[in-house]
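Q: My questions will all concern the structure given below.
The values are calculated or read from the model by the stated rules, or taken from the named source; none is laboratory data. Here the structure is a predicted model, which means the values were calculated and not measured. Using ideal geometry, Cβ is built from the backbone for each residue, glycine included, and neighbour counts are taken over all protein chains shown. All accessible areas refer to the heavy atoms of the entire protein, side chains included, with ligands and DNA or RNA removed. Shrake-Rupley method; radii C 1.70, N 1.55, O 1.52, S 1.80 Å.
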Amino acid sequence: MPYPKFSRRYLFVGSGVITVGRNTVIAPRLTRSVMFLTILGANAIMALSCAFLNGHFEDYWESRRAALVA
């Protein structure tokens, strides 16, 4: 990973951002009581959660619709 280049662009280069993202987005959604998810199901929930939090929820569903048609 080109750390100096990313730092000059003010991009995060540490693992802290990933850890906070996991604790904020992924862990609360996947660790609720009585949840038994497969890997596929967990990946789908994470994709939906991330799309929603990033403001791309409608785009996510539009791309899913397009994939079904193709």
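Q: Can you name the residue in segment 42-58 that is out of contact with any helix residue (DSSP H, G or I) (no Cβ under 7 Å at 6 or more places or on another chain) and open to solvent by 60 Å² or more (accessible area, probe 1.4 Å) and is also nearest to residue 32 (Cα to Cα) among such residues?
A: Filtering first and then ranking leaves 43.
Q: Since residue 42 meets every condition but one in (1) under 17 Å from residue 54 (Cα atoms); (2) at pLDDT 80 or above, which condition does it not meet?
A: Just one mismatch for residue 42, condition (1).
Q: Looking at 31, 38, 24, 19, which one is open to solvent by 100 Å² or more (accessible area, probe 1.4 Å) and not basic (Lys, Arg)?
A: Details: 38 fails: open to solvent by 100 Å² or more (accessible area, probe 1.4 Å); 24 fails: open to solvent by 100 Å² or more (accessible area, probe 1.4 Å); 19 fails: open to solvent by 100 Å² or more (accessible area, probe 1.4 Å).
One residue alone meets the criteria, 31.
Q: So, one more: For the chain, give me every one of the helices (runs of 4 or more DSSP H) that falls completely inside it and has 2 or more residues that are free of Cβ contacts under 8 Å to residues at least 40 places away in the same chain and within 18 Å of the chain's Cα centre (by Cα). I'd like the intermediate steps shown before the answer.
A: Values: elements: 3-8, 16-21, 27-30, 39-53, 57-69.
It comes to 16-21, 27-30, 39-53, 57-69.
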